[in-house]
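The values are calculated or read from the model by the stated rules, or taken from the named source; none is laboratory data. No experiment lies behind these values; they were computed from the predicted model shown. Cβ coordinates were reconstructed from backbone atoms using ideal geometry, including for glycine residues, and neighbour counts include every protein chain displayed.
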Amino acid sequence: MLGKGMRFAVGVAAIGSASYLLLQLVMPLLQSLTAWMAAAMLAPFGAAHSEGALVFFKLLSVQVIPLCVGDIEIAVLVGAMLSTEDRPVRSRALGAAEAFLAVMLVNALRIAATMLAWDAWGIAAVELIHTVLFKLVLVVAIVGFYAAWYLGPAILKKGTQRS
């Protein structure tokens with residue numbers, strides 16, 4: 001019999017892998033959605049639009065490749081949330097859906113921020129900003145979102161008890 005920690009690890013790997021494979025089936029749609037969201041975030045700063053997986057901002061354009069969508073982050077979070085045995089199934093399913101939305105928003109924001117930096121500081125700044133934001137988003141999106149989802153109810157409950 002597997003212990004709780006081992007069941008969690010196996011669940012994250014199995015459910016995360018299955019989620020990743022399912023996301024690949026809709027990857028072109030996710031790329032287009034990410035591009036559209038990034039263009040919408042850029043619109044207040046100048047002419048911006050998207051066409052498929054391409055984002056256009058002023059004179060710049062970028063292609064949203066599969067890695068930019070956040071499929072790995074989504075898959076890991078879905079695997080972790082659905083494998084968290086001490087939470088009700090409804091809470092796990094809702095958390096997985098919220099994680100999907102949050103990662104999509106954060107990645108679109110990352111793309112928009114990179115394009116704004118490119119417009120403001122030129123191509124030399126883009127590589128550093130893109131690399132730092134990409135790695136930061138990986139950590140913050142996965143660890144931060146899971147921690148907020150897992151610890152949030154306890155923190156809120158503790159805060160209401162003090163009132």
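Worth pointing out:
- Among the residues of region 11-35, those that are assigned to a helix (DSSP H, G or I), loosely packed, with under 14 Cβ neighbours inside 10 Å and without any contact (Cβ under 8 Å) to a residue 40 or more places away in the chain comprise Leu21, Leu22, Leu25, Pro28, Leu29.
- Annotation note: Cβ proximity below 6 Å between a residue of region 135-153 that is farther than 11 Å from Leu77 by Cα and a residue that is surrounded by 13 or more Cβ atoms within 10 Å (Cβ to Cβ) and among the β-branched types (Val, Ile, Thr) (sequence gap 6+ or interchain) occurs for Val137/Val106.
- Selection status of Gly144, of a type outside the set (Val, Ile, Thr) and within 15 Å of the chain's Cα centre (by Cα): yes
- Taking the criterion of being among the hydrophobic types (A, V, I, L, M, F, W, C), modelled with pLDDT of 95 or more and closer than 15 Å to Arg110 by Cβ, the only residue of region 63-97 that qualifies is Val64.
- Residues of region 96-133 that turn out to be of a type in the set (Val, Ile, Thr) and either surrounded by 13 or more Cβ atoms within 10 Å (Cβ to Cβ) or in contact with an Asp or Glu (Cβ under 6 Å, 6 or more places away or on another chain) (or both), as a count: 6
- Yes/no for Ala148 being under 26 Å from Gln63 (Cα atoms) and modelled with pLDDT of 85 or more: no
- Condition check for Ser91: hydroxyl-bearing (Ser, Thr, Tyr) and out of contact with any Lys or Arg (no Cβ under 9 Å at 6 or more places or on another chain): yes
- Total residues in region 69-95, condition crowded, with 21+ Cβ neighbours inside 10 Å and over 15 Å from Gly16 (Cα atoms): 1
- Residues being touching a Leu at 6+ places or on another chain (Cβ under 8 Å) and free of Cβ contacts under 8 Å to residues at least 24 places away in the same chain - total across region 80-113: 4
- Across region 64-79, the qualifying residues are those that are in contact (Cβ under 8 Å) with a residue 60 or more places away in the chain and not acidic (Asp, Glu), and the one among them that is nearest to Val103 (Cα to Cα) is Gly70.
- Qualifying residues in region 44-65 (those that are over 21 Å from the mean Cα position of the chain (by Cα) and of a type in the set (Gly, Ala, Ser)) - the one nearest to Pro28 (Cα to Cα): Ser61
- Any hit, region 11-19, residues being of a type outside the set (A, V, I, L, M) and over 30 Å from Ala154 (Cα atoms): no
- When region 105-133 is limited to residues that are of a type outside the set (Phe, Trp, Tyr) and over 22 Å from the mean Cα position of the chain (by Cα), the one that is nearest to Met41 (Cα to Cα) turns out to be Asp119.
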